[in-house]
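Report on the following structure.
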Amino acid sequence: LSGIPMITYKKIEFLPFQRIIKRVMDVSVSIILIALCWWLFVLVAIWIKLVSPKGPIFFKQKRVGMFQKQFVLYKFRTMPVESEDKSGPQWTLDNNRACILGGKFLRKYSIDELPQLFNIIKNEMSLIGPRPERKFFVDSISKSAKFFNLRHNVKGGITGWAQIHGRANLTNKPLEKFRYDLYYIKN
């Protein structure tokens, strides 16, 4: 129904040679991008420290990855320090969240995601795959989407099929994103 199997879902597994090829491509592209963009890392780090000196340069957050194993995801910090301390976990919508000066620009062009290239090198993520979510949201979504954990049979990615088909529009529509994730995993 709408691309989601209602009775069962076949086991999703990469063959050993497919895993090796994907890993080699992920690491190779990550190393090349880091080598080409090192100057951008430096500029963004300096900018963040200039406009928000009290906070860290990098934002670190636990996410759920392959086989539901948690890992620390890295991003350039675009929001004020302790922005969720009072509210708790929230979907990030660019229109309703405070950003540091230039933070919206970093987000709009996904520059804040560049540190995740190191997550790829650490074998926690892939270039392409379902975006890793926080455990709070995984638990919440799993209550209404029985097969949601199927997306953890592959590594999460910096980008994926759902991001290509409506990144900002799907931010707070997890079941819609899940449809795209299943399509990517299956195909």
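For G157, nonlocal amide neighbours, meaning residues 5 or more places apart or on other chains whose placed amide H falls under 5 Å from its own, are S126, G129, R131. Packing around the peptides 52-62, 107-117, taken as the average count of other Cβ atoms within 10 Å per residue, puts them in this order, highest first: 107-117, 52-62.
Maximal additional length on extending the Q68-V81 stretch stands at 1.9 nm, based on 0.36 nm per residue less the C-alpha distance. Close amide-amide hydrogen proximity is noted between L73 and Q61, K62, R63, each under 5 Å apart and 5 or more residues distant or on a separate chain (H modeled in the peptide plane; Pro and chain starts excluded).
Rounded, prolate or oblate: which fits the stretch 126-169, taking a ≥ b ≥ c as square roots of the Cα gyration tensor eigenvalues, rounded meaning a/c under 1.5, else prolate when a/b beats b/c? Note, shape of the stretch 126-169 comes out prolate. The residues of the stretch 109-187 have, on average, 47 Å² of accessible surface per residue, using a 1.4 Å probe with all protein chains present. Sequentially through the stretch 147-162, phi angles give Karplus couplings (6.51, -1.76, 1.60; θ = phi - 60°) of 9, 4, 6, 4, 5, 8, 7, 10, 5, x, x, 5, 9, x, 4, 5 Hz, Gly and Pro residues having no value and appearing as x. Structural size metrics of the stretch 98-187, computed from C-alpha coordinates, are Rg and Dmax of 13.5, 40 Å.
The values are calculated or read from the model by the stated rules, or taken from the named source; none is laboratory data. If you're wondering where the values come from, they're calculated on a predicted model, not measured in any experiment. Reconstructed Cβ throughout: ideal geometry from the backbone, glycine too, with neighbour counts over all protein chains shown. When the accessible area is computed, the model is the full protein with side chains, heavy atoms only, and any ligands, DNA or RNA have been set aside. Shrake-Rupley method; radii C 1.70, N 1.55, O 1.52, S 1.80 Å.
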